[in-house]
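Visitor: Can you keep this structure in mind? I'll have questions shortly.
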Amino acid sequence: MNRDSTGRVVALLVAAGRGARSGLNGPKQYHRIGGRAVLAHAVAGLEASSVVDTIIPVIHPDDIELYERATAGQSLAAAVHGGATRRESVLAGLEAIAASGGADVVLIHDAARPFIPGEVVARLLQALRASDGAIPVLPVVDTIIRDGVNIDRAGLTRVQTPQAFRFDSILAAHRAWTGSEPTDDAEVARAAGLRVAEVAGDEMLKKLTAPDDFGWAERTITAAMTTRTGMGFDVHAFGEGASVWLCGVEIPHSRGLVGHSDADVGLHALTDALLGAVGEGDIGTHFPPSEPRWKGAASHLFAEHARDLIGARGGVIDHVDVTLICEEPKVGPHRAAMRARVAGMLQVDPHRVSIKATTTERLGFTGRREGIAAQAIATIRLPDKLE
């Protein structure tokens, strides 16, 4: 089916489940793999398809904050609140599509399947030329037993998502459903007498369910990533004040640092290192000192912005190393707090953060106690190719 004959295609991303079997703290669709949430990977896969016009997520009402953080920067329609069961969530999403003008085709996809090969989507839409619905399947290759008795696996298949349907047909089928909870939308479609075709699925459509599945997903992403590094350097002079901000920690001191923002020299160097690693210019490009809104701004906003740019590219922050160059104040007593603060703003474990301090042996402007300098190196990984 070519793009012109497909009509309007809406992807319904079902993400209202609790993921109890995953062993994680919280819903599995918000667990981070490769630097961003499972849900965000699924969104990126759908966005990469040239046939999907709109993506509508169906989320649990308790997950609004998690959802907004996970999908920041992605193009999505307004999220729909799901129901107590998957079928109720799907129906809620279908009704939202109908209320917003309808669609010709709907792709119903589980958010717990983060990787979506475009070839599978193409096969599904092609199959809709002669059917009301289409689903991706894979053969069962392992021996299957029930209560110690082997079951003939001939004709058995594993069903995946996304599943494609003519919108009006699947909406009517869901509205008419009166049975117990179905295992998937194809069951609802068949119960309504719809023709459902089967196309070849893909192992990359694996649903993340058990704890080991998330390790597989992380390895899969890592195998297709390239290590990048960035460097940053910054300087601020001493001026009036009673404290200085260094790496997100306020330290009492006889003088402050002069700058348009809070003059946190450590975070400024770190931000430039992160931006350099992801190829996104420098701190002045994103936060021009000529703009009044950044006057006195807390520098953690700059570092978090760089973090989010890396996350939006599917990147992972592996390690950052900041060196503070000054005669005063003493950094040692505050190093642990700085490390914890930087780890928090970058959303990484503290062992991925190094904070050091040195002097210039009383040489230069730092040696004369005129100011503080900082340099930083960031090591990240980026996908060789986005979804």
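Visitor: Per residue, what accessible area does the stretch 109-265 have, given a 1.4 Å probe and all protein chains present, in Å²? Walk me through the numbers on the way to the answer.
Guide: Numbers: 7830 Å² over 157 residues.
That works out to 50 Å² per residue.
Visitor: May I pose another question? If one puts a single equal scatterer on every Cα of the stretch 237-316 and applies the Debye formula without solvent, what log₁₀ I(q)/I(0) results at q = 0.12, 0.19, 0.26 Å⁻¹?
Guide: The Debye formula, applied to the Cα set alone, gives -0.35, -0.79, -1.21.
Visitor: If the viscosity is 1.002 mPa s and the temperature 20 °C, what translational diffusion coefficient in µm²/s does Stokes-Einstein give for the chain when Rh comes from Kirkwood over Cα pairs? Intermediate values should be presented prior to the final figure.
Guide: Numbers: Rh = 23.5 Å.
Approximately 91 µm²/s, per Stokes-Einstein.
Visitor: Expressed as a rounded percentage, what relative contact order does the stretch 57-101 have, with Cα pairs under 8 Å and six or more residues apart?
Guide: Values: 36 pairs, mean separation 18.9, N = 45.
Taking the mean separation of contacting Cα pairs over the length of the stretch 57-101, I get 42 percent.
Visitor: Going by accessible area, probe 1.4 Å, with all protein chains left in place, what is the ranking of H174, H236, largest first? Walk me through the intermediate numbers first.
Guide: Working: H174 0, H236 25 Å².
Output order, biggest surface exposure first: H236, H174.
Visitor: Which of the GluC sites (Glu not before Pro) across the stretch 196-241 are loop residues per DSSP, with 10 or fewer other Cβ within 10 Å?
Guide: Values: sites: E198, E203, E218, E240; in loops: E240.
Passing both the DSSP loop test and the Cβ count: E240.
Visitor: While we're here: List the equivalent ellipsoid semi-axes of the stretch 179-331 in whole Å, largest first, each obtained as the square root of 5λ for an eigenvalue λ of the Cα gyration tensor.
Guide: Numbers: eigenvalues 498, 62, 45 Å².
Sorted largest first and rounded, they come to 50, 18, 15 Å.
Visitor: Relative contact order of the chain: what whole-number percent is it, with Cα pairs under 8 angstrom and at least 6 residues apart? Intermediate values should be presented prior to the final figure.
Guide: On the way: 830 pairs, mean separation 61.5, N = 387.
The normalised contact order for the chain reaches 16 percent.
Visitor: Roughly how large, in nm² to one decimal, is the mean projection of the convex hull of the alpha-carbon atoms in the stretch 296-353?
Guide: It is 4.7 nm².
Visitor: How would T226, T54, T271 rank on accessible area, largest to smallest, probe 1.4 Å? Intermediate values should be presented prior to the final figure.
Guide: Details: T226 60, T54 35, T271 0 Å².
The ranking, largest first, comes out as T226, T54, T271.
Visitor: Please give the contour-minus-distance gain from I151 to E198: 0.36 nm per residue of separation, less the Cα-Cα distance, rounded to one decimal in nm. List each step's numbers first, then the result.
Guide: On the way: separation 47, 0.36 × 47 = 16.92 nm, distance 2.20 nm.
Taking 0.36 nm per residue and subtracting the Cα distance, the gain is 14.7 nm.
Visitor: To continue, here is another question. Sketch the reach of a paramagnetic label on E95 as a point 7 Å from Cα along Cα-to-Cβ, and name the residues of the stretch 53-67 whose backbone nitrogen lies under 15 Å away.
Guide: Label zone hits: 58-59, 61.
Visitor: OK, next. Amide H of R158: which non-local residues (sequence gap of 5 or more, or other chain) have their own amide H closer than 5 Å, using H built in the peptide plane?
Guide: Those lying under 5 Å, H to H, from R158 are L138, V140.
Visitor: Continuing with the same structure: Looking at the square roots a ≥ b ≥ c of the eigenvalues of the Cα gyration tensor of the stretch 155-267, which shape do they give, rounded for a/c under 1.5, prolate if a/b is larger than b/c, or oblate? Please list the in-between numbers first.
Guide: Details: a/c = 4.49, a/b = 2.89, b/c = 1.56.
Since a/c reaches 1.5 and a/b is larger than b/c, the shape of the stretch 155-267 is classed as prolate.
Visitor: For V140, project a label point 7 Å along Cα to C-beta. Then give me every residue of the stretch 162-196 with its amide nitrogen under 16 Å of that point.
Guide: Once the point is set 7 Å along Cα→Cβ of V140, 183-184 turn out to lie under 16 Å by backbone N, inside the stretch 162-196.
Visitor: Counting only DSSP beta bridges with both residues in the chain, tell me the antiparallel percent, nearest 5. Show your work: numbers first, answer last.
Guide: Working: 42 of 67 bridges.
Once the DSSP bridges in the chain are tallied, antiparallel ones form about 65 percent.
Visitor: Consider all pairwise Cα distances in the stretch 1-135 and report the whole-number % of them above 21 Å.
Guide: On the way: 3559 of 9045 pairs.
Value for the stretch 1-135: 39 percent of Cα pairs lie more than 21 Å apart.
Visitor: A follow-up question, please. Using a probe of 1.4 angstrom, how much of the accessible area of the chain is carbon and sulfur, in percent? Mind showing how you got there, number by number?
Guide: Values: 9180 of 17840 Å².
The value for the chain is 51 percent carbon and sulfur by accessible area.
Visitor: Label the stretch 37-107 by shape, choosing from rounded, prolate and oblate, from the square roots a ≥ b ≥ c of the eigenvalues of the Cα gyration tensor; if a/c is under 1.5 it is rounded, and otherwise prolate applies when a/b is larger than b/c, oblate when it is not. Let's see the in-between values first.
Guide: Details: a/c = 1.81, a/b = 1.03, b/c = 1.76.
Oblate, because a/c is 1.5 or more while a/b does not exceed b/c.
Visitor: When the convex hull of the C-alpha atoms of the stretch 275-387 is computed, what volume per residue in Å³ does it have?
Guide: So the per-residue Cα hull volume is 129 Å³.
Visitor: With each run of n ≥ 4 DSSP H residues scored as -39500 (n - 2.57), what mean residue ellipticity at 222 nm is computed for the chain after dividing by its residue count and rounding to the nearest 500 deg cm²/dmol?
Guide: -9000 deg cm²/dmol
Visitor: Take the alpha-carbon centre of the stretch 62-76, take the same for the stretch 234-263, and report the distance between them in whole Å.
Guide: The stretch 62-76 and the stretch 234-263 have Cα centres separated by 34 Å.
The values are calculated or read from the model by the stated rules, or taken from the named source; none is laboratory data. Note that the coordinates shown come from a computational prediction; the quantities given were computed from them, not determined experimentally. Cβ coordinates were reconstructed from backbone atoms using ideal geometry, including for glycine residues, and neighbour counts include every protein chain displayed. Accessible surface areas use protein heavy atoms only, side chains included; no ligands, DNA or RNA. Shrake-Rupley method; radii C 1.70, N 1.55, O 1.52, S 1.80 Å.
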